[in-house]
Amino acid sequence: MMGKITFYEERNFQGRSYECMSDCADMSSHMSRSQSCRVESGCFMVYERNNYMGNQYFMRRGEYRDMNRMMSMGMMFDNIRSCRMIPYHRGQFRMKIYEKENFGGQSYDLMDDCDNVQDRYRMSDCQSCNVMDGHWLMYEQPQYRGRMMYMRPGEYKSFRDMMSGQRFMSMRRITDMC
């Protein structure tokens, strides 16, 4: 299943537009800013800076008329600079989380969502992980709140290095077909 997202320079789908059906590391060559967007199919992570850097936000099928309004729904920025399409995953989800960087300290295997790492596992912190299967969203606060980060299969040795001191306290699987 292919994804499709259209970005617009102005609010309410006005101004120049840029249609994207895959990853885009730098939207500045296509438009100066993005103040609204429409996700026609698929799921996307959007980023505040080029090359998939900075704060991130998960977008599923729908219309996003005003990026400033999105800030009240948890989006931490008002202008999109890059985006990444999230492929739909069939099958099981598996991730191992670690209390310390470089896969140290306590560790736990996850196969489903976790709304509070501290309550469920008595871990005061989660600083690294290994995503074996599926695509996940990690959140800095319990109950899937605060800044988020998209995790695809791979080893993540240090969240501190990735997002300037960020830690994660809840995580959920991306199960949307969008």
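The values are calculated or read from the model by the stated rules, or taken from the named source; none is laboratory data. Because the structure is a prediction, the values reported are computed rather than measured. Quick reminder, even Gly has a Cβ in these numbers, built from the backbone with ideal geometry, and neighbours come from all protein chains shown. The area values use the complete protein model at the heavy-atom level, side chains included, leaving out ligands, DNA and RNA. Shrake-Rupley method; radii C 1.70, N 1.55, O 1.52, S 1.80 Å.
At 222 nm, what value in deg cm²/dmol follows for the chain if DSSP H runs of at least 4 each add -39500 (n - 2.57) and the sum is divided by all its residues, to the nearest 500?
Calculated from helices alone, the mean residue ellipticity at 222 nm is -1000 deg cm²/dmol.
With every protein chain kept in place and ligands, DNA and RNA left out, what is the accessible area per residue of the chain? Probe 1.4 Å, answer in Å².
49
Which of the lysines could a cross-linker span from Lys157 if the Cα-Cα distance has to be under 22 Å and same-chain partners fewer than 8 positions apart are dropped?
Partners found: Lys96, Lys100.
How would the chain be classified by its alpha-carbon gyration tensor: rounded, prolate or oblate, with rounded meaning a/c under 1.5 and the a/b versus b/c comparison settling the rest?
Verdict is prolate for the chain.
For region 79-134, take the convex hull of the Cα atoms, compute a quarter of its surface area, and give me that in nm², please.
Mean projected area of the Cα convex hull: 5.5 nm².
How much of the accessible area of the chain, in percent, comes from carbon and sulfur atoms when a 1.4 Å probe is used?
It is 40 percent, rounded to a whole number.
Between rounded, prolate and oblate, where does region 13-113 land on the alpha carbon gyration tensor, with a ≥ b ≥ c its root eigenvalues, rounded for a/c under 1.5, else prolate if a/b exceeds b/c?
prolate
In region 99-178, what trypsin sites (Lys or Arg not before Pro) fall in a loop by DSSP, with at most 12 other Cβ atoms inside 10 Å?
The qualifying sites are Arg122.
Given H placed 1.01 Å from N in the peptide plane, which residues other than close sequence neighbours of Leu110 have an amide H under 5 Å from its amide H?
The answer is Met95, Lys96, Ile97.
Excluding same-chain residues fewer than 8 positions from Lys4, which aspartates and glutamates have a Cα within less than 20 Å of its Cα?
Partners within reach: Glu19, Asp23, Asp26, Glu40, Glu48, Glu63, Asp66, Asp176.
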